[in-house]
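The values are calculated or read from the model by the stated rules, or taken from the named source; none is laboratory data. If you're wondering where the values come from, they're calculated on a predicted model, not measured in any experiment. Reconstructed Cβ throughout: ideal geometry from the backbone, glycine too, with neighbour counts over all protein chains shown. With ligands, DNA and RNA removed, areas are computed over all heavy atoms of the protein, side chains included. Shrake-Rupley method; radii C 1.70, N 1.55, O 1.52, S 1.80 Å.
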Amino acid sequence: MKITDKLVLFFGNDDVCSNFYLCPLDFEGHTFHCSEQLFMYLKAKTFKDWDTMEEILNCSTPREAKALGRKVKNYDDKVWDKQRDKCMFTAVTTKYVQCDEFRNLIIENKDKTFAEASPYDSIWGIKLSQDDPRALDPTQWRGENRLGKCINKLISSLQQAWIKK
């Protein structure tokens, strides 16, 4: 993880912001080992693929969950484009509520932009590594950073709630 005065760049299984970070999460009566597993469960649920949903519930690693999520039956790009950010926001919010390390990190850095510095992912990440100098300039990011945007949306929602108190 790389934290600057404006950014929190994260990537990798050991990084608390990563969906692959192992932290037990309870949702709908099930325990998930990470937010990636929960996210893929929600993907399967979106497409009413009960068999894959069950496999995702029983998988043992984030990579296995991701691989199963790629096999969801009845998948439709147009439907997923409309639902994926909602599903990720649910996973991130669940993680915030139940994972102290994640909650503490985003509270401590609430005024910064979170970005998944994955050099491989142009949808959820910025498609640049945290060591790439371009990662420090959001105008040079090569990906959509949807995961970071979900984290920042959560922070914004929380700040609105704090203001109302």
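Yes/no matrix, rows are residues, columns are (1) touching an Asp or Glu at 6+ places or on another chain (Cβ under 7 Å); (2) without any contact (Cβ under 8 Å) to a residue 60 or more places away in the chain:
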{"residue": "Thr93", "(1), (2)": "no, no"}
{"residue": "Ile107", "(1), (2)": "no, yes"}
{"residue": "Tyr120", "(1), (2)": "no, yes"}
{"residue": "Gly125", "(1), (2)": "yes, no"}
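What tally of residues in the stretch 49-76 results from selecting those that are at positive phi and either open to solvent by less than 100 Å² (accessible area, probe 1.4 Å) or of a type in the set (Ser, Thr, Tyr) (or both)?
Adding up the residues that qualify gives 0.
Which residue pairs have Cβ atoms closer than 6 Å, lie 6 or more positions apart in sequence or on different chains, and pair a first residue in the stretch 1-27 that is farther than 15 Å from Asp132 by Cβ and assigned to a loop (DSSP other than H, G, I, E, B) with a second residue that is of a type in the set (Asp, Glu) and open to solvent by 70 Å² or more (accessible area, probe 1.4 Å)?
Val16/Glu101
Between Asp100, Asp137, Asp121, Asp131, which is of a type in the set (Asp, Glu), open to solvent by 60 Å² or more (accessible area, probe 1.4 Å) and farther than 26 Å from Asp26 by Cα?
The conditions single out Asp131.
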